[in-house]
Every structure is written in structure tokens, then in C-alpha cells.
Amino acid sequence: MENLEGRLTKLALKGDQRAFAELVELYKDKIYHLAYRMLNNRHEAEDVVQETFLRVYRNLDRYDDKQKFSTWIYRIGTNLCIDRLRKRRPTYSLDAEMNDQEGIDGYSMIPSDNVTPETELLLSETQSLIYEAIDSLPVKYRSVMILRYLQDLSLQEISDVLDMPVTTIKTRVHRGREFLRKKLGPKL
């Protein structure tokens, strides 16, 4: 994968549109899922994906090939999500609880190659509880937990993406886990 990324990146730097299109294909779903998990809004997640690839395209000449391409693109996507979260005003709505109709939530609407209506309905209650708990985390813990457990990045990769020391990432993962343990303990 890394070798493929490196070749595609070098070709894209030379102006090869097909190579850049391949990079988009490799990462569009991953960035979408990251953005959706952080923003909980399909339209905003789609906007973040577009903006991420626009920034990658415009700044491809700034890419440092000594670091992994995935780290660089995740950093761009994560920063765009964090910017959007900062700009949001807290919204308090009495209708917010209506999203929990019959155990179906926004996560079951995430597009996937193999998802059918039947499999959407078969999402486990435990998975829904965990997603809800992750959503309730403060942003600084939520981004780390999503990158660690939903995107399967290593602590070092998260450190690179968020531009923070690994020790800070470890602390946030630990505190995020503690928060989830307290939140989910009575429910599981």
C-alpha cells in the first residue's frame, strides 16, 4: 500500500491526473467515514471530503515524501473537521432524541459496498451504544478515539495527524476510554 501510495503521489506531482484520481479512490471513503464520525452530518462529511482533496491537490507540492501519505491526508481531513466543529454553535433541540427511532441511527445510514437494508437493520445494539458514547465525548477525546479505534491508526500515526506528542495521544486515549467505561458500564 505504501509503495503504491508513493508511486501515485510521485506521478500526481508530475501532473498525472489518473494517479491523483487513484489517490482519491483510495482515500475518499476513509476520509468520509472519519468526517462523518467527527461531524455526525452526512452533508458536512461530504463537504469535508471535497475540501480535503482540493487542499491535497493544491498543496501536493508541499507533501513531504518522508512521511506517509495517509498521515498527511488524515491530518488535513481531521483539521477541517475540527475547524467545522469550532465554528459550530452549540445547538440544543428538543427534537434531538427523535433520531433514536426503533434503534436506527445515522450510523446505519453510512454507505458501504456490502450494506443492504437487511444488514442495516441488523446493526447490534451494543455497536449503537458505543457510537453514541463516542459521539458524546469532548472533541479532543473524540478525534483521538475515532482515529485509534474506528480508523485503526497507531498512536504514532495519530500523533503525526494531530501534530501532538505521543504522550498526549496516550493520555487522551486513556481518558477517552475511562469516559467510555463510565458511560457504558451500566448499559453493557
Q: Note the full-extension length gain between residue 41 and residue 54 as 0.36 nm times their separation in residues minus their Cα-Cα distance, in nm to one decimal.
A: 2.7 nm
(Q) In whole percent, and with a 1.4 Å probe on the protein chains, what portion of the accessible area of region 117-185 is carbon and sulfur? (A) 53
Q: Using a 10 Å cut-off on Cβ atoms, rank the peptides 15-21, 42-48, 178-184, 31-37 from the highest mean neighbour count down.
A: 31-37, 42-48, 178-184, 15-21
(Q) Please compare each pair in 14/68; 30/68; 28/68; 140/183; 87/170 to a cut-off of 22 Å on the Cα-Cα distance and tell me which ones are over it. (A) 87/170
Q.
For residue 125, what accessible surface area do you get with a 1.4 Å probe? Give it in Å², rounded to 10.
A. 140
Q) Between residue 135 and residue 4, 0.36 nm times their residue separation minus their Cα-Cα distance comes to what? A) 43.8 nm
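The values are calculated or read from the model by the stated rules, or taken from the named source; none is laboratory data. Worth saying up front: this structure is predicted, and the values here are computed from it rather than measured. We place every Cβ from the backbone using ideal geometry, glycine too, and count neighbours over all the protein chains shown. Just the protein is used for accessible areas: all its heavy atoms, side chains included, with ligands, DNA and RNA removed. Shrake-Rupley method; radii C 1.70, N 1.55, O 1.52, S 1.80 Å.
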